[in-house]
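The structure under discussion appears below in the form of structure tokens.
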Amino acid sequence: MKHTISVLLQNKPGVLSRVTGLFSGRGFNIESLCVAETLDPGTSCLTVVSRGDDAIIEQIMKQLHKLIDVIKVTDITEQEYVEREMVLIRVKAESHTRAEVLRVIDIFRGKVVDVSAKSYAIELTGSASKIKAVIDILRPIGIKEIVRTGIIAMPRASKNK
Amino acid sequence: MGKITGSQAIVRCLEEEGVKTIFGYPGGAVLDLFDTIDQSDFVNVLVRHEQGAVHAADGLARVTGEVGVAILTSGPGATNGVTGIATAYMDSIPLVVLTGQVPRPLIGNDAFQEVDIVGITRPCTKHNYLVSELDDLVPVIREAFHIARSGRPGPVLVDLPKDIVASMLTYPEKKPIDMVSYQPTYQPHSRQIEKACRLIMKAKKPVLYVGGGVILSDANKELTELAKKLDIPVTMTLMGLGAFPGSHELSMGMLGMHGTYTANMAVSECDLLISVGARFDDRVTGKLDDFATKAKIIHIDIDPTSISKNVKVDIPIVADCKIALTAMNSWFDAESNFNLKEEAARHAPWFKLIREWTEKHPLSYEEAGDIIKPQYVIEQFDRLTGGNAIITTEVGQNQMWAAQFYKFNEPRHFVTSGGLGTMGFGLPAAIGAQMAFPDQTVIDIAGDGSIQMNIQELATAKQYNCPVKIAILNNSYLGMVRQWQELFYDRRYASTTMDVVPDFVDLAKAFGAVGLRAKTKDEVIPVIKEALATDNVVVMDFKIEKEEGVYPMVPAGKATTEMLLV
């Protein structure tokens, strides 16, 4: 099963390689990984998406927590959460498809961020399933290039807070 | 307060941490540090190879429980230390390894003797540091000691750029260390302790399965109290030997691949397995699906990652072994329904079964007239040292025979590379142990193969008056690999025959040590007696039965009940 794990880290040199080294050294899988500093410049938040049965995910959580520079590890998948990914897509847009591409982008609430005679570059944000839906629709039109950020996620606030 | 140099600050840190002995090898990047150390009160042991420095520091740490310290230069000095660091990491031994690094402006420029040792050792240290700011120097070294010795211990490496070590700084005052991201759990959950104790009171066929964690947390007394109080038989892992007296009637000896028949059968048949400071290593469990299938499992360990990693556990207890065992002992003392006589009566049929196993298949070997059997040599060492020597080993058959036939009654007396299985460990580790306890008898049980891996350390032993005794069980083979080839590769001895082996007696003399040889069984005892009476480094060359095997043996991947016996 797919799990989104959020890791709060000390913002120190080499920390990212401790995390990725742990995954590769122990044969854990990384589907995507995102990291940037938090409000406190001394700490970073890393969101990693991995796959595995319960025992593997439990080991991943424990092994991450064992790293000296890791402050907190949360399996976001265990609770209500929002996840977002941003994608930049350069899609073919020639005279007969330009209008259709714009319509699709509009439906998915994307934005055109770069235009040329034969293509649009679009920016789009959403959950993993929305990104997949857009890609599936644009693929027949002709995707020339795609860059994705990987997923970031945050638990929803509990109702009584 | 006046300013001091970086190297003076490092030396002051080491003094604050209680370090007395340092093992090292100098080089360009650590010239300043060694210059300062030379003017300090440390005993500074110059080894002959950096691997030896780390193993020696490791040996000292294992016998004392203190943090071992090694200092190596940059580049090849540091990479030579990696095997030693990985050895300590696998066995959770507290070390601080200081490595020199090229000056900061040269880092990343492929400078002379530059290597990214922090990158290289990231997966085989508990933590490591490159000191990149002068202000970090002292706090980092203090943190390194704190991390090495707390929680589940382990090696910590600190890489020291030469310009930082040579800079002037104001020595900061010592403050208590508080790391938000590193807070080991020492106290057990009281509900879990109670659950575990209640389960123990119901068990008819309990087994205590004890690992190196008990020795690391100095919990042998508490463990022995629990085993005796509850009348529970004890088996130990290789790393756990000595945690419970090996000659006590409750001891079943070692379990696993070369464990006793009794221990492996007991683990397979028990209804409750109480694991303390052990990690269900593949050499212990054999085929996982068939391991302790009839048992509920209690697992006490300070490292949460060890729990339910290989075997699903019923009652996990994350805690320091000593504190958890103390809590269990107190629980039983306070519990009015608990009574030792009832426990013993309930376990009586279980002990009857255990005795039957031991009578049917005790640890044994076949005598062969005049030919020296390695097991006999170990038995004589046990007898002639009263079971009280510090025994280090190399890796392979020598290690297993030592584990099987020397009865360790005290913790911190068996020094062996368990997890990594590092050949060449025994001699430098023996030097480390002897530096810590100059008056103790320290014996390295070696093979003719592994002794050659770090034999240069004979010179170190000689230089620092470490009268270590090296017993080479010489069969002219890489014996353990040969044994696997005999059993699983139709006796094709690929690359395991050493046609040229030095004359170890002459070699000993060349180093200024004493060399002794035994070729027949009746020469064994006189050689051992002479060695033990000699106040010098002694190399004993025992020409043993060439194709002797270590038994019992569980073939890799088989259930532990499928043992090959003598």
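The values are calculated or read from the model by the stated rules, or taken from the named source; none is laboratory data. Fair warning: this is a prediction, and the values are worked out from it, not measured in the lab. Cβ: placed from backbone, ideal geometry, glycine included. Neighbour counts: every protein chain shown. Accessible surface areas use protein heavy atoms only, side chains included; no ligands, DNA or RNA. Shrake-Rupley method; radii C 1.70, N 1.55, O 1.52, S 1.80 Å.
Nearest 10 degrees is fine. How inclined is helix A:54-66 to the longest principal axis of chain A, computing both from alpha carbons? That works out to roughly 70 degrees. For chain B, the antiparallel share of DSSP beta bridges with both residues in that region comes to about 5%. Loop-resident GluC sites (Glu not before Pro) (DSSP state other than H, G, I, E or B) in the range B:366-473 with no more than 15 further Cβ atoms inside 10 Å of their Cβ: B:366, B:367. Computed from the Cβ-Cβ distance with R0 of 41 Å, the FRET efficiency linking residue B:166 to residue B:218 stands at 0.55. For the pair the range B:166-188 and the range B:59-78, the centres of their Cα atoms are 20 angstrom apart. Dipole of the protein assembly as shown computed with +1 at Lys/Arg Cβ and -1 at Asp/Glu Cβ about the Cα centre; of B:336, A:137, B:201, farthest Cα towards the positive end is A:137. In this simple spin-label approximation, residue B:110 and residue B:175 carry label points 7 Å from Cα along the Cα→Cβ vector, and these lie 4.3 nm apart. Across all Cα pairs in the protein assembly as shown, the calculated P(r) in 10 Å bins from zero up to the longest distance comes to 3, 13, 20, 22, 19, 12, 6, 3, 1, 0, 0 percent per bin. Legend: calculated FRET efficiency, residue A:31 to residue B:519, from the Cβ-Cβ distance at R0 = 51 Å, rounded to 0.05, equals 0.20.
Within the shell of other residues whose beta carbon sits under 15 angstrom from the beta carbon of residue B:238, the net charge comes to +1, with Lys and Arg scored +1 and Asp and Glu -1. The mean sequence separation of alpha-carbon pairs under 8 Å and at least six residues apart, normalised by the residue count of chain A, gives a relative contact order of 27 percent. Between A and B, buried accessible area from a 1.4 angstrom probe totals roughly 1300 Å², ignoring ligands, DNA and RNA. This model, with +1 at the C-beta of Lys and Arg and -1 at the C-beta of Asp and Glu, gives the range A:2-78 a dipole about its Cα centre of some 260 debye. Using only Cα atoms, locate the centre of the range B:534-566 and the centre of the range B:389-432, then give the distance between them in Å, rounded to an integer. Each part reduced to its Cα centre gives a spacing of 13 Å.
Sorting A:96, B:146 by solvent-accessible area of protein heavy atoms yields A:96, B:146, largest first, with a 1.4 Å probe. Rounded to the nearest Hz, the phi-derived 3J(HN,Hα) couplings of the range B:309-323 under the Karplus curve 6.51 cos²θ - 1.76 cosθ + 1.60 (θ = phi - 60°) are 6, 10, 10, 5, 10, 7, 10, x, 10, 8, 5, 5, 4, 5, 5, where x marks glycine and proline. Here the protein assembly as shown is treated with +1 on each Lys and Arg Cβ and -1 on each Asp and Glu Cβ, and its dipole about the Cα centre works out to around 2320 debye.
Projecting the Cα atoms of B:5, B:244, B:489 onto the dipole axis of chain B, where Lys and Arg carry +1 and Asp and Glu carry -1 at the beta carbon, places B:244 farthest toward the positive end.
Once the Cα atoms of helix A:98-107 and of chain A are each reduced to a long axis, what angle between those two axes, in degrees from 0 to 90 to the nearest 10, is obtained? The angle comes out at about 40 degrees. Candidates A:44, A:95, B:445 compared by Cα position along the dipole of the protein assembly as shown: farthest toward the positive end lies A:95, with charges placed on Cβ. Here chain B is assigned +1 on the Cβ of each Lys and Arg and -1 on the Cβ of each Asp and Glu. Its dipole about the Cα centre then comes out at about 1360 debye.
Relative contact order for the range B:17-77: 49 percent, from Cα pairs under 8 Å spaced at least 6 residues apart, divided by residue count. The separation of the range B:287-321 from the range A:142-157, counted between C-alpha centres, amounts to 39 Å.
Mean residue ellipticity, 222 nm, helices only, chain B: the sum of -39500 (n - 2.57) across DSSP H runs of n ≥ 4, divided by residue count and rounded to 500, is -11000 deg cm²/dmol.
Sparse packing (at most 15 other Cβ atoms within 10 Å of the Cβ) combined with a DSSP loop state is found for the following trypsin sites (Lys or Arg not before Pro) in the range B:404-502: B:491, B:492.
Spin-label model, residue A:147/residue B:500: points 7 Å from Cα along the beta carbon direction are separated by 6.0 nm. Restriction of the GluC sites (Glu not before Pro) in the range B:200-267 to DSSP coil positions whose beta-carbon has at most 16 other beta-carbons within 10 angstrom yields B:249. Of all DSSP beta bridges confined to the protein assembly as shown, the antiparallel ones make up roughly 40%. A 19 angstrom limit on the alpha carbon distance is what I want to check against. Which of B:204/B:341; B:195/B:221; A:72/B:322; B:221/B:407 exceed it? Exceeds cut-off: B:195/B:221; A:72/B:322. Placing a pseudo-label 7 Å from each Cα along the Cα-to-Cβ vector at residue A:159 and residue B:282 gives an inter-label distance of 4.9 nm.
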